[in-house]
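Read the structure below first, then the notes.
The values are calculated or read from the model by the stated rules, or taken from the named source; none is laboratory data. What you see is a predicted model, and the numbers here were worked out from it, not measured in a lab. Here the Cβ positions follow ideal geometry from the backbone for every residue, glycine too, while neighbour counts run over all protein chains shown. With ligands, DNA and RNA removed, areas are computed over all heavy atoms of the protein, side chains included. Shrake-Rupley method; radii C 1.70, N 1.55, O 1.52, S 1.80 Å.
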Amino acid sequence: MPQALEHADGSWAWVVLLASLVTQALTLAFPTCIGVFFNDLQRDFQASNSETSWFPSIMMAMLHAGGPLCGILVGRFGCRVTMMLGGLLASLGMVASSFSRSLSQLYLTAGIITGLGMCFSFQSSITMLGFYFVRRRVLANALASMGVSVGVTLWPPFANYLLEDLGWRGTFLVIGGVLLHCCVCGAIMRPVATNTAPETTATPAPPFKTTARGCLATCGLIIRHHLAFDILWHNTGYCVYTLGVTWMSLGFLLPHVFLVPYARWHGVEEDRAALLVSIFGFCNIFLRPTAGLVVGRKRFASYRKYLFSLAVLLNGLTNLVCTVSADFRVLVGYCLVYSVSMCGIGILIFQVLMDIVPMDRFPSALGLFTILSGIASLISPPLAGFLLDTSNNFSYVFFMSSFFLISAALFMGGSFYTLQKKEWRGREAKAKGAISEATPVKDPTLEDKDDPKKHLCSEVMYVTSV
């Protein structure tokens, strides 16, 4: 018996929203608590800052860079199966990492396997949310992103509590069980009836006899389709946004990884240092719904990309505070201001992408978008760790973060303004062309036979579409 499809903007959409919120709390927010384990991992494995930084960077890279593979699985099996598979992989990776005897084993288990599983669960929930909500999509994205805030608030103290009693190995084992809740969230994702169905992996069947060149061409078409290279080539706004967010990712992750070690380095107690990251999430729990209601209004639709650029700029300027003082009260103030910019980035980063790209190509566009961000996330923490090992000064890490964020904000804001100005000029040129074509044309062939004088009758042409 075929399963009945749910309708967009229906009652079940709010259940899907709750499942997406929980999924983001379990997956996207988890790497923010890695800083709690940083010193213990560094001590047990006798590793440098750069070597230890590879662990969160690999996890974040897989969390983002697995997008194309996730898009293929979503097109083939659907969001429900992909989310449940992601929950199993994330749990398996964390359980296996608790038995790791070297950093390389930790990279493989908690980094690659867990990161890939989190990617499947997280990106499938984002895609499903876009199909379930049409009229209230901005508000839905803002409310779902509250999951990141809840996770950022709860993960650090929870991980620190387990770390004191069980050590990092026992903590990873417990976290592996917690991540199985992604499977429950995936079971909630019922198929939805939409006007634009998500992309599938179906391609024209090749002829029986194919040459090597034909196989390569077919593979190239499949890769181009699933990685949205055609959108990147023809959609200038998507190209600008992808490059800007990739450059931004080189600096955005660094405070989440190095803030707790930075505070401990300057004598802040472990509990209070872990509390700093929780401030990010706690403030965003209240900021994101309010900001989502405001930004979701129609009058702000054309300004969302500029608001996103402004949030990135504020985020970069805020990081400069850590280069001035490491006093706990100063760091608390830094976290409060940082939460505002983090709120803007969190609620707008996927909504701006949905505004730029058609929804039927969103899974492919999200795949390329996240794989480039994942590469940046893979490079950034080890590079900052190497800079820290060389200089033995945390201030350079925050200077590095501010540089990438500020330059990315200026690039995106300037590029979007230039593209919009160019679009306005194109509309004005078309309007002037329409006016010139609507000028009167006299027809001298029409004449009145009764009147010896010839009367000219004007024939007017109107352009009905521009």
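Observations, loosely collected:
- Under a 5 Å amide H cut-off, with hydrogens placed 1.01 Å from N, VAL192 pairs with GLU6 among residues at least 5 apart or on other chains.
- Relative contact order, percent, region 49-163 [alpha-carbon distance under 8 Å, six or more residues apart]: 32
- All-pairs alpha carbon distance profile, region 257-375, 10 Å steps from 0, percent: 12, 35, 31, 17, 5, 0
- Within-14-Å neighbourhood charge of TRP168 [Cβ basis; K, R +1; D, E -1]: -2
- For region 231-277: rounded, prolate or oblate by the Cα gyration tensor [a/c cutoff 1.5]: prolate
- Taking a ≥ b ≥ c as the square roots of the eigenvalues of the alpha-carbon gyration tensor, region 70-180 is classed oblate because a/c is 1.5 or more while a/b is no larger than b/c.
- Accessible-area value, ARG297, 1.4 Å probe, nucleic acids and ligands omitted, Å²: 140
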